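Engineer: Structure provided below as structure tokens; questions to follow.
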């Protein structure tokens with residue numbers, strides 16, 4: 001079974017600054033996918049960014065980028081030019097290539113962007 | 001498209017009562033799933049379905065039943081509610097298959113309290 005660990009329960013950052021959220025995972029598989037989801041106070045789960053394990057290039061989506069270190073089983077999320085609307089819970093998630101579309105989530109990091 | 005809809009948004013039950021959480025999607029997705037989110041934790045998979053007539057257990061299935069008679073609907077039944085089932089419940093859907101990343105679309109969640 002896979003496990004996903006987010007070691008930072010809470011973080012804060014000043015508006016316009018950069019913040020990095022950490023995620024590590026444990027798996028014996030070689031083909032899998034990794035995701036970061038955002039959950040604002042509205043409770044809606046919003047996909048932020050995703051990474052295929054077979055791709056060496058780190059994924060980027062506007063102000064969001066990842067640092068994917070496959071050997072270290074690390075998948076951190078960097079948010080540049082933080083905005084007040086980035087305040088939310090962030091969840092790292094793992095999807096095996098061999099287990100359908102089931103997601104295994106980390107415990108989450110609560111991010112507060114301060115004005 | 002309405003996407004993934006869930007009803008009700010909030011529910012309070014007494015211990016021992018039964019109820020059904022409704023989930024529907026209009027995207028013709030084969031894969032549907034139910035997660036629960038407890039305070040301070042990520043989402044955990046309860047049950048999932050890869051198509052009409054096919055269901056399987058996830059990580060935390062005890063106390064819950066599901067059925068999938070149509071592609072669109074995937075109800076979650078609590079047979080005899082217990083305080084330990086107090087949680088926020090999310091339904092998700094996506095296209096099936098492992099050949100590519102299939103984005104999961106989440107419903108808005110149902111907050112359930114069992115007294």
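Engineer: Suppose we filter the stretch B:52-72 for residues that are touching a residue at least 24 places away in the same chain (Cβ under 8 Å) and within 11 Å of chain A (Cβ to nearest Cβ); how many remain?
Structural biologist: Number of matching residues: 1.
Engineer: Suppose we keep only residues that are more than 7 Å from chain A (Cβ to nearest Cβ) and not in a strand (DSSP E or B) within the stretch B:85-108. Which one would you say is modelled with the lowest pLDDT?
Structural biologist: Filtering first and then ranking leaves B:99.
Engineer: Go through the stretch B:40-59 and count every residue that is outside any strand (DSSP E or B) and within 21 Å of residue B:7 (Cα to Cα).
Structural biologist: Residues in the stretch B:40-59 being outside any strand (DSSP E or B) and within 21 Å of residue B:7 (Cα to Cα): 1 in total.
Engineer: Let me ask something else. Which one is surrounded by the most Cβ atoms within 10 Å (Cβ to Cβ), of the residues in the stretch B:73-84 that are within 13 Å of residue B:25 (Cβ to Cβ) and away from chain A (no Cβ under 14 Å)?
Structural biologist: Only one residue fits best here, namely B:75.
Engineer: Among all residue pairs at least 6 apart or on different chains, which show Cβ distances below 9 Å where the first residue, located in the stretch A:83-102, is at positive phi and within 11 Å of chain B (Cβ to nearest Cβ) and the second is at pLDDT below 85 and surrounded by fewer than 19 Cβ atoms within 10 Å (Cβ to Cβ)?
Structural biologist: So the pair list comes out as A:100/B:96; A:100/B:97; A:100/B:98.
Engineer: Exactly one condition in (1) away from chain B (no Cβ under 14 Å); (2) crowded, with 17+ Cβ neighbours inside 10 Å is not met by residue A:80; state its number.
Structural biologist: That leaves (2) as the condition not met.
Engineer: Tally up the residues in the stretch B:1-41 that are farther than 19 Å from residue B:70 by Cα and under 15 Å from the mean Cα position of the chain (by Cα), please.
Structural biologist: Residues flagged as farther than 19 Å from residue B:70 by Cα and under 15 Å from the mean Cα position of the chain (by Cα) within the stretch B:1-41 amount to 9.
The values are calculated or read from the model by the stated rules, or taken from the named source; none is laboratory data. What you see is a predicted model, and the numbers here were worked out from it, not measured in a lab. Reconstructed Cβ throughout: ideal geometry from the backbone, glycine too, with neighbour counts over all protein chains shown.
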